[in-house]
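A.B. asks: Dropping the structure in here first, questions after.
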Amino acid sequence: ESLTQIQYSTALKGLAVTDRRRTALKETQRGELIHDVLSRLNFLDEDVEKQLLEAWEKADHTLKASFERKDIVNTVQRFLLESGVKQYFQEKGKKAARTEREFSNKNGELFRCDRVVFEGGLITVIDYKTGGDEKEAEYKTQVQNYMEILNEVYAEKKVQGCIAYVDLKKMVMVE
(Lines give C-alpha, C1' and ligand atoms only; values in the text may rest on other atoms or scores of the structure.)
Protein backbone atom coordinates (compact mmCIF):
# COMPACT_ATOMS: atom_id res chain seq x y z
CA GLU A 1 0.00 0.00 0.00
CA SER A 2 1.15 3.49 -0.73
CA LEU A 3 1.15 6.23 1.85
CA THR A 4 -1.80 7.86 0.06
CA GLN A 5 -3.83 4.62 0.22
CA ILE A 6 -3.06 4.22 3.93
CA GLN A 7 -4.06 7.83 4.63
CA TYR A 8 -7.26 7.40 2.60
CA SER A 9 -8.09 4.13 4.37
CA THR A 10 -7.46 5.73 7.77
CA ALA A 11 -9.62 8.72 6.83
CA LEU A 12 -12.47 6.39 5.82
CA LYS A 13 -12.21 4.51 9.12
CA GLY A 14 -12.33 7.86 10.91
CA LEU A 15 -15.49 8.75 8.99
CA ALA A 16 -17.06 5.44 9.90
CA VAL A 17 -16.37 6.10 13.59
CA THR A 18 -17.77 9.62 13.24
CA ASP A 19 -20.87 8.28 11.48
CA ARG A 20 -21.39 5.70 14.24
CA ARG A 21 -21.06 8.39 16.90
CA ARG A 22 -23.47 10.65 15.01
CA THR A 23 -25.97 7.78 14.68
CA ALA A 24 -25.61 6.92 18.37
CA LEU A 25 -26.16 10.57 19.33
CA LYS A 26 -29.26 10.78 17.13
CA GLU A 27 -30.65 7.56 18.69
CA THR A 28 -29.95 8.96 22.16
CA GLN A 29 -31.77 12.19 21.30
CA ARG A 30 -34.68 10.20 19.85
CA GLY A 31 -34.89 8.20 23.08
CA GLU A 32 -34.84 11.38 25.15
CA LEU A 33 -37.62 12.86 23.01
CA ILE A 34 -39.77 9.74 23.36
CA HIS A 35 -39.18 9.79 27.13
CA ASP A 36 -40.15 13.48 27.17
CA VAL A 37 -43.41 12.78 25.32
CA LEU A 38 -44.26 9.83 27.58
CA SER A 39 -43.46 11.84 30.71
CA ARG A 40 -46.19 14.31 29.74
CA LEU A 41 -48.91 11.65 29.81
CA ASN A 42 -50.65 11.01 33.07
CA PHE A 43 -53.59 8.84 32.03
CA LEU A 44 -54.99 8.14 28.58
CA ASP A 45 -58.47 9.11 27.52
CA GLU A 46 -60.44 8.16 24.41
CA ASP A 47 -58.39 10.38 22.08
CA VAL A 48 -54.85 9.05 22.54
CA GLU A 49 -53.58 10.72 19.38
CA LYS A 50 -54.77 14.15 20.55
CA GLN A 51 -53.02 13.62 23.90
CA LEU A 52 -49.82 12.60 22.13
CA LEU A 53 -49.93 15.66 19.87
CA GLU A 54 -50.36 17.87 22.95
CA ALA A 55 -47.45 16.09 24.64
CA TRP A 56 -45.36 16.62 21.49
CA GLU A 57 -46.12 20.35 21.53
CA LYS A 58 -44.88 20.60 25.13
CA ALA A 59 -41.79 18.47 24.54
CA ASP A 60 -38.24 19.87 24.44
CA HIS A 61 -37.95 22.04 21.32
CA THR A 62 -34.23 21.37 20.87
CA LEU A 63 -34.90 17.63 20.69
CA LYS A 64 -37.88 18.00 18.34
CA ALA A 65 -35.83 19.86 15.72
CA SER A 66 -34.25 16.67 14.39
CA PHE A 67 -37.34 14.45 14.22
CA GLU A 68 -40.65 14.26 12.43
CA ARG A 69 -43.65 14.68 14.72
CA LYS A 70 -45.60 12.00 12.84
CA ASP A 71 -42.84 9.39 13.33
CA ILE A 72 -42.45 9.97 17.06
CA VAL A 73 -46.20 10.24 17.76
CA ASN A 74 -46.93 7.07 15.73
CA THR A 75 -44.15 5.15 17.49
CA VAL A 76 -45.42 6.13 20.94
CA GLN A 77 -49.06 5.51 20.02
CA ARG A 78 -48.32 2.01 18.71
CA PHE A 79 -46.29 1.31 21.85
CA LEU A 80 -49.11 2.44 24.13
CA LEU A 81 -51.76 0.47 22.29
CA GLU A 82 -49.87 -2.71 21.35
CA SER A 83 -47.31 -3.45 24.08
CA GLY A 84 -49.49 -4.22 27.09
CA VAL A 85 -48.36 -1.04 28.85
CA LYS A 86 -51.73 0.67 28.31
CA GLN A 87 -53.07 -0.77 31.58
CA TYR A 88 -50.60 1.47 33.43
CA PHE A 89 -51.96 4.52 31.61
CA GLN A 90 -55.63 3.85 32.31
CA GLU A 91 -57.23 5.61 35.22
CA LYS A 92 -59.20 3.12 37.26
CA GLY A 93 -60.22 3.48 40.88
CA LYS A 94 -57.67 5.19 43.04
CA LYS A 95 -54.74 4.83 40.67
CA ALA A 96 -52.06 7.52 40.67
CA ALA A 97 -49.07 7.90 38.38
CA ARG A 98 -45.86 9.85 38.74
CA THR A 99 -43.48 10.47 35.86
CA GLU A 100 -39.78 11.25 36.00
CA ARG A 101 -39.95 10.98 39.78
CA GLU A 102 -36.69 11.05 41.74
CA PHE A 103 -36.10 8.71 44.65
CA SER A 104 -32.99 8.29 46.75
CA ASN A 105 -31.55 5.09 48.12
CA LYS A 106 -30.29 4.67 51.67
CA ASN A 107 -26.90 6.08 50.60
CA GLY A 108 -28.52 9.30 49.39
CA GLU A 109 -27.96 8.57 45.68
CA LEU A 110 -30.73 9.91 43.44
CA PHE A 111 -32.44 7.81 40.79
CA ARG A 112 -35.11 8.96 38.36
CA CYS A 113 -37.88 6.50 37.54
CA ASP A 114 -39.65 6.97 34.20
CA ARG A 115 -43.11 6.07 35.51
CA VAL A 116 -44.34 4.88 38.89
CA VAL A 117 -47.95 3.74 39.18
CA PHE A 118 -49.66 3.47 42.56
CA GLU A 119 -52.75 1.29 42.70
CA GLY A 120 -54.00 0.19 46.10
CA GLY A 121 -51.31 -1.91 47.75
CA LEU A 122 -49.31 -2.30 44.51
CA ILE A 123 -46.63 -0.07 43.06
CA THR A 124 -45.34 -0.63 39.53
CA VAL A 125 -42.15 1.04 38.33
CA ILE A 126 -41.78 1.23 34.55
CA ASP A 127 -38.54 1.95 32.74
CA TYR A 128 -38.84 2.89 29.06
CA LYS A 129 -36.22 1.74 26.57
CA THR A 130 -35.91 2.63 22.92
CA GLY A 131 -34.01 0.52 20.44
CA GLY A 132 -33.42 -3.16 21.07
CA ASP A 133 -33.21 -5.45 24.07
CA GLU A 134 -29.54 -6.41 23.74
CA LYS A 135 -28.76 -4.93 27.17
CA GLU A 136 -31.72 -6.51 28.95
CA ALA A 137 -29.61 -7.89 31.83
CA GLU A 138 -28.33 -4.36 32.52
CA TYR A 139 -31.86 -2.95 32.25
CA LYS A 140 -33.19 -5.56 34.68
CA THR A 141 -30.53 -4.60 37.22
CA GLN A 142 -31.55 -0.96 36.85
CA VAL A 143 -35.24 -1.75 37.43
CA GLN A 144 -34.38 -4.03 40.37
CA ASN A 145 -32.51 -1.10 41.90
CA TYR A 146 -35.61 1.10 41.51
CA MET A 147 -37.74 -1.65 43.05
CA GLU A 148 -35.39 -1.93 46.02
CA ILE A 149 -35.58 1.82 46.62
CA LEU A 150 -39.38 1.84 46.37
CA ASN A 151 -39.54 -1.15 48.76
CA GLU A 152 -37.55 0.90 51.28
CA VAL A 153 -39.83 3.93 50.90
CA TYR A 154 -43.12 2.00 50.74
CA ALA A 155 -42.38 -1.03 52.91
CA GLU A 156 -46.08 -1.80 53.40
CA LYS A 157 -46.75 -2.12 49.65
CA LYS A 158 -45.89 -4.72 47.03
CA VAL A 159 -43.50 -3.40 44.36
CA GLN A 160 -43.14 -4.78 40.87
CA GLY A 161 -41.14 -3.54 37.91
CA CYS A 162 -41.07 -3.76 34.17
CA ILE A 163 -38.96 -2.78 31.22
CA ALA A 164 -41.13 -1.26 28.50
CA TYR A 165 -39.50 -1.48 25.08
CA VAL A 166 -41.04 1.30 23.00
CA ASP A 167 -39.74 0.26 19.57
CA LEU A 168 -40.26 -3.45 20.16
CA LYS A 169 -43.73 -2.80 21.60
CA LYS A 170 -43.21 -5.25 24.43
CA MET A 171 -42.98 -5.34 28.20
CA VAL A 172 -40.76 -7.53 30.33
CA MET A 173 -41.69 -7.96 33.98
CA VAL A 174 -38.75 -7.85 36.39
CA GLU A 175 -38.54 -10.03 39.49
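The values are calculated or read from the model by the stated rules, or taken from the named source; none is laboratory data. The structure presented is a predicted model; accordingly, all values stated were derived computationally and were not measured. Positions of Cβ are backbone-derived with ideal geometry, glycine not excepted, and every protein chain shown enters the neighbour counts. The area values use the complete protein model at the heavy-atom level, side chains included, leaving out ligands, DNA and RNA. Shrake-Rupley method; radii C 1.70, N 1.55, O 1.52, S 1.80 Å.
A.B. asks: If packing is taken as the average number of other Cβ atoms within 10 Å across a peptide's residues, how do 97-104, 139-146 rank, most packed first?
C.D. replies: 139-146, 97-104
A.B. asks: Quick one: length gained pulling Leu25 to Gln77 fully straight, 0.36 nm per residue minus the C-alpha distance?
C.D. replies: Length difference between fully extended and current span is 16.4 nm.
A.B. asks: Just to be sure I understand, if you calculate Kirkwood radius over Cα pairs in Å for this structure, which of (i) 19.7; (ii) 18.0; (iii) 17.2 do you get?
C.D. replies: (ii)
A.B. asks: Please give the helix 136-153 orientation as an angle from the longest Cα principal axis of the chain, in degrees from 0 to 90, rounded to the nearest 10.
C.D. replies: So the inclination is approximately 30 degrees.
A.B. asks: Scan around Lys135 for amide H atoms under 5 Å from its own, H built in the peptide plane at 1.01 Å from N, and keep only partners 5 or more places away or cross-chain.
C.D. replies: Hits under the 5 Å cutoff: none.
A.B. asks: Here is a follow-up. Please compute the per residue accessible area over the chain with all protein chains in place, 1.4 Å probe, rounded to a whole number of Å².
C.D. replies: Accessible area per residue, the chain: 59 Å².
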